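Reviewing the structure listed below.
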Amino acid sequence: MRLMAFLISFFICLNSYAQLQAFQDDEDVITPSFRYDMIKIEHITSIYIQYEYKPDGQQIYDDGIVKYFHFDSIGRMDNSYLTIKESKENWDTIRTQYYYDSHNYLIIKRTNEGNFYDTWYYRWYDDGKMKKRAHVHEVPLTTTDNGTFRIGTQTVLSADSFAYVPYPKQIQRYGYNEENKIYEKTITYLDDKKRMTSRNFHYAVGWLYSQVDLQYDESNRVIDCAYSGNLNGETHKSVSTSYDSKGNISGQKLFDNGKQTDNIEYMYDNTTGLISNQLDRDYTKAVINIARFTYTFKPN
């Protein structure tokens with residue numbers, strides 16, 4: 001699960017100067033990782049992304065795949081949905097609701113596909129580090145179109161708690177399962193500017209591991225993201241990022257075991273400075289994947 005989550009987020013390392021964070025961290029409980037300060041400043045209420053693709057020598061195809069993100073009055077994501085194509089003529093929609101406490105920490109993330117509900121519950125330390133996390137399957141007693149949810153039954157899939165040991169240039173995290181046994185140790189390494197340079201996960205079962213490494217330029221921008229691990233076989237992937245004169249990401253090159261697989265270009269709206277289009281040249285599949293961004297804003 002960690003590998004899949006990382007790979008999904010890893011290859012959308014988008015613009016830190018636009019609406020998304022430069023490093024899409026799989027440890028973030030809401031993905032993609034938005035810059036919520038900019039969401040609020042720009043008065044963005046929703047982001048709609050339409051996906052198309054163009055095989056070499058063919059026309060552009062639209063399979064009806066979209067992502068939608070909605071933000072509340074203070075710029076927090078409160079709901080989202082994703083359409084997926086199940087078969088040639090069948091689509092499904094995965095919807096997610098987000099709930100926060102009085103300190104703006106996410107405490108419930110509830111996702112449903114049809115009548116199937118997957119829910120994550122979170123608790124936090126005062127400094128914002130995760131304290132507890134539970135993943136459950138839920139069957140509702142009643143639901144409404146506005147997201148009101150009354151629980152019928154719950155099945156707990158996992159219940160984790162976390163403890164931290166800070167050092168000047170690293171933070172160690174210990175993950176405990178429902179039997180209060182350590183199943184994971186995570187070490188995050190920091191440089192003199194307190195930026196994360198590396199993070200590695202080691203699991204108590206077998207020799208399983210995963211690691212993320214980051215490099216920055218003189219302007220503190222992420223220029224290289226690298227991932228290695230053996231959760232689903234030995235994996236080595238990386239993303240190299242270049243910026244334009246305005247500080248926007250101009251392009252990214254994706255590599256798998258040293259071989260380039262994708263070349264991504266970004267286009268920006270001249271008025272808002274937000275991403276308008278993403279073009280992903282997939283060399284392996286000989287196709288260009290196109291993402292078109294549309295926004296709604298609060299009235300002035």
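The values are calculated or read from the model by the stated rules, or taken from the named source; none is laboratory data. Since we're looking at a predicted model, the values are computed, not measured. All Cβ positions, glycine included, derive from the backbone under ideal geometry; neighbour counts span all protein chains shown. The protein model used for the area step is the full one, side chains on, heavy atoms only, and it has no ligands, DNA or RNA in it. Shrake-Rupley method; radii C 1.70, N 1.55, O 1.52, S 1.80 Å.
For region 250-296, the fraction of C-alpha pairs farther apart than 18 angstrom is 36 percent.
Here, the chain has an Rg and a Dmax of 20.1, 57 Å when only alpha carbons are counted. Using the alpha carbons alone, the radius of gyration of region 34-182 stands to its Kirkwood radius in an Rg to Rh ratio of 1.05.
Considering only the Cα atoms of region 88-176, their convex hull presents on average a projected area of 8.8 nm². Dipole magnitude for region 85-158: about 260 debye, using +1 per Lys or Arg Cβ and -1 per Asp or Glu Cβ, origin at the Cα centre.
Solvent exposure of Val66, expressed as accessible area, is near 10 Å², computed with a probe of 1.4 Å over the protein chains only. The share of accessible area on the chain that comes from carbon and sulfur is 52 percent, using a 1.4 angstrom probe.
Cα centroids of region 238-300 and region 189-213: 27 Å apart. Counting only residues at least eight positions apart within a chain, or on another chain, the lysines with an alpha carbon under 18 Å from that of Lys298 are Lys40.
When the C-alpha to C-alpha distance is required to be over 26 Å, the pairs from Lys129/Lys181; Lys129/Lys253; Lys109/Lys193; Lys67/Lys193; Lys169/Lys246; Lys185/Lys259 that qualify are Lys129/Lys253; Lys109/Lys193; Lys67/Lys193; Lys169/Lys246; Lys185/Lys259. Counted by Cβ distance under 13 Å from Phe69, the other residues give a net charge of +2, where Lys and Arg count +1 and Asp and Glu count -1. For region 165-227, the calculated P(r) over all alpha carbon pairs, in 10 Å bins from 0 to the bin holding the longest distance, is 20, 43, 27, 9, 1 percent.
The charge dipole of region 195-300, taken about the Cα centre with unit charges on the Cβ atoms of Lys, Arg (+1) and Asp, Glu (-1), comes to about 220 debye, rounded to the nearest 20. Calculated mean residue ellipticity at 222 nm for the chain: -1500 deg cm²/dmol, from DSSP H runs with n ≥ 4 weighted as -39500 (n - 2.57), summed, divided by the residue count and rounded to 500. For the options Leu231, Leu141, Leu279, a Gaussian network treatment of the chain with springs between C-alpha atoms closer than 10 Å singles out Leu141 as fluctuating the most. Calculated accessible area for the chain comes out at 56 Å² per residue, all protein chains present (probe 1.4 Å; ligands, DNA, RNA ignored).
In terms of Cα atoms, the Rg and Dmax of region 205-300 work out to 16.7, 57 Å.
Electrostatic bookkeeping for Lys237 treats Lys and Arg as +1 and Asp and Glu as -1; over the other residues with beta carbon under 13 Å from its beta carbon, the sum is -4.
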